[in-house]
Structure formats: C-alpha cells, structure tokens
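Right, one structure below, let's go through it.
The values are calculated or read from the model by the stated rules, or taken from the named source; none is laboratory data. Keep in mind that what you see is a predicted model, and the values were worked out from it rather than measured. Every residue, glycine as well, gets a Cβ built from its backbone with ideal geometry; the counts of neighbours run over all protein chains shown. Just the protein is used for accessible areas: all its heavy atoms, side chains included, with ligands, DNA and RNA removed. Shrake-Rupley method; radii C 1.70, N 1.55, O 1.52, S 1.80 Å.
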Amino acid sequence: MQAGKPILYSYFRSSCSWRVRIALALKGIDYETVPINLIKDGGQQLAIIEYLEETRPTPRLLPQDPKKRASVRMISDLIAGGIQPLQNLSVLKQVREEMQLTWAQNAITSGFNALEQILQSTAGIYCVGDEVSLFLYYRFKVDLTPYPTISSINKRLLVLEAFQVSHPCRQPDTPTELRA
C-alpha cells in the first residue's frame, strides 16, 4: 500500500460502500479496496462521505447553498434511515425466505413514494439542483414507472464514469455470476 493512499473496506453489494466508491471516484481519490463480507462478519459502517467532504472539499459533494445542503441531507437521511436499512440482510433474515423479495420491494416502494414527492421540488438534473450530490442504489427489481423523477435522475447518474466504475457488479469481490 502507498503511504497516504486510503483503504476502503468494502462489500460489493453494500449500498453504503457504493456511495463511498462513487464519492471517491468523483473526487478523483485513488484508493485500495479491501473486500469484507458483511454477511459473515456483520461489518461496520462509517459516515465516511461526510468525512471526505470535510477533508477533501473539491469537487464538492454537498451544495454550497445552505438550503440546498439541507435538502441533500434530508434526502440522504430518508434513504439511509428509511429505505436502505429495510433491504439489509440482517432485516431480511427476519422475514420468511419466500417473502423476502416482496417484503423488500414493498419497503423500497414506500420509501420511494416519499422520495419522489421530495425530489419533485428539489431536483434539477440530479437530486438537488444540477450538481451530483446524492447517490441512490436499490437491488430488488422495483418498478420505477411510478417514479419518473427518481427514474430520470437514476438514468443520468448511471452514465457518469464515477457511477460506472464504482458499480457493485464491477468490484473485486463481486461473485463471477453477478459481474457485468
């Protein structure tokens, strides 16, 4: 490992890890990946994106305008607290296996209903205005037809290089059958 080169302890399918990989790619930060297994060990999550923003402020991941910055944090809180945890494996293990996909889709749909309403008033090209500031990942085949704002933002984000190189299907620990 090079001196000063950050290490990202990452799980290929983790939406938290993907958001961090996107932030690192957007900021042009070269890093070493150390795969971890969140299923086996439980793992740890850190508020690393806020740390990156504070210690490496360019390019910005949060808008300069305080009202827009608050909107980004509100949307991030909705995703991190109201959508993402409900699709995590530790939660899904509490649901009968044959019901897990349906349960996860219902939880995501509920969160997307709220998110779509918020984004209709905050979105420009991306979630808040025209700067990339927020990243969304879901993996349970939720139909985005009822969510035109989420769908269009998601399509615009997924063509950006930072999102492509950091995608879960392109990580060193991605199982062969899930690789792109």
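Considering only the range 129-140, I want to know if a residue exists there that is modelled with pLDDT of 90 or more, surrounded by 18 or more Cβ atoms within 10 Å (Cβ to Cβ) and over 16 Å from Arg60 (Cβ atoms). There is no residue in the range 129-140 that is modelled with pLDDT of 90 or more, surrounded by 18 or more Cβ atoms within 10 Å (Cβ to Cβ) and over 16 Å from Arg60 (Cβ atoms). Screening Ala23 with (1) over 26 Å from Phe112 (Cβ atoms); (2) modelled with pLDDT of 90 or more; (3) not basic (Lys, Arg) gives one miss only, at (1).
Considered as a group, the residues in the range 63-87 that are open to solvent by less than 60 Å² (accessible area, probe 1.4 Å) and either of a type in the set (S, T, N, Q) or in contact with a His (Cβ under 7 Å, 6 or more places away or on another chain) (or both) include one that is modelled with the highest pLDDT, and that residue is Ser71.
Restricting attention to the range 115-128, which residues are surrounded by 14 or more Cβ atoms within 10 Å (Cβ to Cβ) and free of Cβ contacts under 8 Å to residues at least 60 places away in the same chain?
Within the range 115-128, Leu115, Glu116, Ile118, Leu119, Thr122, Ala123, Tyr126, Cys127 qualify.
A search for C-beta distances below 6 Å between a residue of the range 163-180 that is within 15 Å of Thr33 (Cα to Cα) and any residue that is assigned to a loop (DSSP other than H, G, I, E, B) and open to solvent by 10 Å² or more (accessible area, probe 1.4 Å), counting only pairs 6+ apart in sequence or on different chains, returns Pro168/Phe12; Pro168/Arg13; Cys169/Arg179; Cys169/Ala180; Arg170/Ala180; Gln171/Phe12; Asp173/Phe12; Thr174/Phe12. Among the residues of the range 26-44, write down those that are at pLDDT below 85, out of contact with any Leu (no Cβ under 8 Å at 6 or more places or on another chain) and surrounded by 12 or more Cβ atoms within 10 Å (Cβ to Cβ). Answer for the range 26-44, where residues must be at pLDDT below 85, out of contact with any Leu (no Cβ under 8 Å at 6 or more places or on another chain) and surrounded by 12 or more Cβ atoms within 10 Å (Cβ to Cβ): Ile36, Gly43. Checked against (1) assigned to a loop (DSSP other than H, G, I, E, B); (2) over 25 Å from Arg60 (Cα atoms); (3) open to solvent by 40 Å² or more (accessible area, probe 1.4 Å); (4) of a type outside the set (A, V, I, L, M, F, W, C), Thr174 passes all but a single condition, namely (3).
Scanning the range 15-29 for residues that are hydrophobic (A, V, I, L, M, F, W, C) and assigned to a helix (DSSP H, G or I) yields Cys16, Trp18, Val20, Ile22, Ala23, Leu24, Ala25, Leu26.
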